[in-house]
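Peer 1: Starting off with a structure, shown below.
What follows is calculated from the coordinates using simple rules that are stated; it is not laboratory data. Because the structure is a prediction, the values reported are computed rather than measured. Please note: Cβ atoms are built from the backbone with ideal geometry, for glycine as well, and neighbour counts cover all protein chains shown.
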Amino acid sequence: MNSMLTLLFSGIVACCAHSAGDSTSRLLLVSFDGFRADYLETYKLPHLQEFIEDGVLVKEVTNAFITKTFPNHYTIVTGLYEESHGIVANDMYDVDAKKKFSQFNDSDPFWWNEAVPIWVTNQRRGNGVSAAAMWPGTDVKINNTTPQFFMKYNFSVTFEERVEKIVAWLNSSNPVVNFATLYWEEPDASGHKYGPDDTENMRKVLEEVDNHIGFLTDKLKALGLWDTLNIIITSDHGMASCSPKKLIILDKCIGRNNYTLIDRSPVAAVLPRQNEKYVYNLLKKCDDHLKVYLKEEIPERFHYRHNKRIQPIILVADEGWTIVQNESLSKLGDHGYDNALPSMHPFLAARGPAFHRGYKQSTINNVDIYPMMCHILGLTPQPHNGTFSNTKCLLADQWCINLPEAIGIVIGAFLILTTLTCIIITSKNRVVSPRPFSRLQLQYDDDDPLIG
Ligand SMILES: [Zn+2]
């Protein structure tokens, strides 16, 4: 109740005092790829914990389907579901343009131009420029614009080198960098290699990630940027354990000449070469751990239907299962599964003048991050699928109240009112109708003992 009242009160004060969404606000958006939400509870991460204590934490972020890297990084910076921003997988094929997209062939603006990411909107506004240390899409001329400062993607550039670059850009005053991104490949790479349940190896990589956060913090403090900069640390998706015993082997069900596999596992995108219904019927009977959808049957909740880059048949493996044609399994962890699964969810932590301190919230959607970032930077958002009010409780300049707190306040107020009413009624009865004094009459033969 105390923290709730503090939050309420500080919200009202901050709301009336100033707006965080002003033109001088600056924001650094950081992603550690594949950082599953519950790693925060399983492992000791002192630098990240210190960051959270000084700011806010969203324990689980519901990400977009499919829960893959490129699609979700683009969702975070556009606030759009994948069907709307057009990066619908890490591997794509466009039938009309006859073009292919992969993680190693991603620099054609054609794939990215269906949306306008926040770094482009920020630069168009003209109050400052954007900088990027390797966020997917930042080295591509999207809508004819790259961030003014960016690095060509190269996984062999160390985290320290990326940080040195981004803090140097943030530290320069001409031009002012007011929006920046930073991306790191871990703990995703180790999650795939060892599987998320290999606590010994995952502990090592998460300690490394935590030291990276310490390194970033120290750099920002040394340059005097720590107190004025808003920082969001989040991720694109989680990780599930895979096993060589959980394989869905397509070759057992259908000949390879019947279809082209555009994207593989755990969500496979199938382009039929034969009659679509024939291919669909063979796949439908293939495996109990495989859901098979015609494009028009894909569940509404996935928001994954209305884009021509989504192939005519989509296969979705159950958690932990891997779709193969006939290959052996090369990894012990994977992601991409149903976005309702907690194992697919990342977290979000944030600190800085725009955020509350010491506040924790159970969930938001990752499409909500975009309108929140636009608010912090004072930008007018592009059309998006997010809900700004879902993030209000995180922000220092917003008045917010969530449902459990509202119920608590109503019950509390009711109890206080009831108690007060009882006290008033009782005291009134005593004052208003005093009993007239009368001498106690004892009967001479009343000699019964008082206590029997
Ligand atoms: Zn991955």
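Peer 1: Given region 247-334, what count of lysine pairs have C-alpha atoms under 14 Å apart, with each pair 8 or more places apart or on different chains?
Peer 2: Lysine pairs satisfying the spacing and distance rule in region 247-334 number 6.
Peer 1: At a Förster distance of 25 Å, what's the computed FRET efficiency of E297 paired with T387, Cβ-Cβ distance as r, to 0.05?
Peer 2: Calculated value: 0.40.
Peer 1: Counting other C-beta atoms within 10 Å, which of R305, R124, R264, R36 has the fewest, and how do the rest follow?
Peer 2: R124, R305, R264, R36
Peer 1: Another one. On the principal axes of its Cα set, how long, how wide and how thick is region 62-202? Give whole Å, largest value first.
Peer 2: 46, 45, 27
Peer 1: Which lysines does K59 reach when only Cα atoms under 18 Å apart count, and residues fewer than 8 places away in its own chain are ignored?
Peer 2: Counting by Cα, and skipping residues close in sequence, K59 has these lysines nearby: K44, K360, K392.
Peer 1: Ranking request for peptides 241-248, 229-236, 388-395: highest mean number of other beta-carbon atoms within 10 Å first, then the rest in descending order.
Peer 2: Peptide ranking by packing, descending: 229-236, 388-395, 241-248.
Peer 1: Moving on. Only helical DSSP H runs with n ≥ 4 go in: add -39500 (n - 2.57) per run for the chain, normalise by residue count and round the 222 nm mean residue ellipticity to 500 deg cm²/dmol.
Peer 2: About -10000 deg cm²/dmol.
Peer 1: Quick one: T121, T387, fewest Cβ neighbours within 10 Å first, how do they rank?
Peer 2: With the sparsest Cβ surroundings first, the list reads T387, T121.
Peer 1: Normalised radius of gyration for region 287-412, please: alpha carbon Rg relative to 2.2 N^0.38 Å, two decimal places.
Peer 2: 1.42
Peer 1: Expressed in nm to one decimal, what extension gain is obtained for the pair T42 and A189 from 0.36 nm per residue of sequence separation less their Cα-Cα distance?
Peer 2: 51.1 nm is the gain from fully extending T42 to A189.
Peer 1: Same structure again: If region 247-334 were replaced by its equivalent ellipsoid, with semi-axes equal to the square roots of 5 times the Cα gyration tensor eigenvalues, what would those be, largest first, whole Å?
Peer 2: The equivalent ellipsoid of region 247-334 has semi-axes of 19, 16, 11 Å.
Peer 1: Compute the FRET efficiency between Y278 and K246 as 1/(1 + (r/R0)^6), taking r as their Cβ-Cβ distance and R0 = 22 Å, and round to the nearest 0.05.
Peer 2: The computed FRET efficiency comes out at 0.20.
Peer 1: Let me ask another. Within region 73-92, name every residue whose backbone N is under 16 Å away from a label modeled 7 Å from Cα of K331 along the Cβ vector.
Peer 2: 73, 89-92
Peer 1: As a footprinting exposure proxy, order F32, F150 by other Cβ within 10 Å, with the fewest listed first.
Peer 2: F150, F32
Peer 1: Pull out the extension gain between F110 and T24, defined as 0.36 nm times the separation in residues minus the alpha carbon to alpha carbon distance; nm, one decimal.
Peer 2: 27.6 nm is the gain from fully extending F110 to T24.
Peer 1: In the chain, what percentage of the DSSP-assigned beta bridges are antiparallel, given to the nearest 5?
Peer 2: 50 percent
Peer 1: Shifting gears a bit: Treat the chain as a sphere of radius equal to its Kirkwood radius over Cα pairs and apply Stokes-Einstein at 37 °C in a medium of 0.692 mPa s; give the translational diffusion coefficient in µm²/s, rounded to a whole number.
Peer 2: 133 µm²/s
Peer 1: Please give the FRET efficiency for K99 paired with R357, using the beta carbon to beta carbon distance and R0 = 51 Å, rounded to the nearest 0.05.
Peer 2: Plugging the Cβ-Cβ distance into 1/(1 + (r/R0)^6) gives 0.60.
Peer 1: Could you tell me how many degrees, from 0 to 90 and to the nearest 10, lie between the Cα long axis of helix 403-432 and the main elongation axis, the longest principal axis, of the Cα atoms of the chain?
Peer 2: 10 degrees
Peer 1: Hey, another quick one. Work from the charge dipole of the chain (Cβ charges, +1 for Lys and Arg, -1 for Asp and Glu, about the Cα centre) and give the residue of P117, G191, N429 farthest towards its positive end.
Peer 2: Positive-most Cα among the choices belongs to P117.
Peer 1: Let me ask you something else. Determine the equivalent ellipsoid of region 175-323 by diagonalising the alpha-carbon gyration tensor, then write out the semi-axes as square roots of 5 times the eigenvalues, largest first, rounded to whole Å.
Peer 2: The answer is 41, 21, 11 Å, longest axis first.
Peer 1: Any idea how far apart A168 and E53 come out in nm if each label point goes 7 Å out from Cα toward Cβ?
Peer 2: 3.4 nm
Peer 1: Over all directions, the average projected area of the alpha-carbon convex hull for region 48-129 comes to how many nm²?
Peer 2: 7.6 nm²
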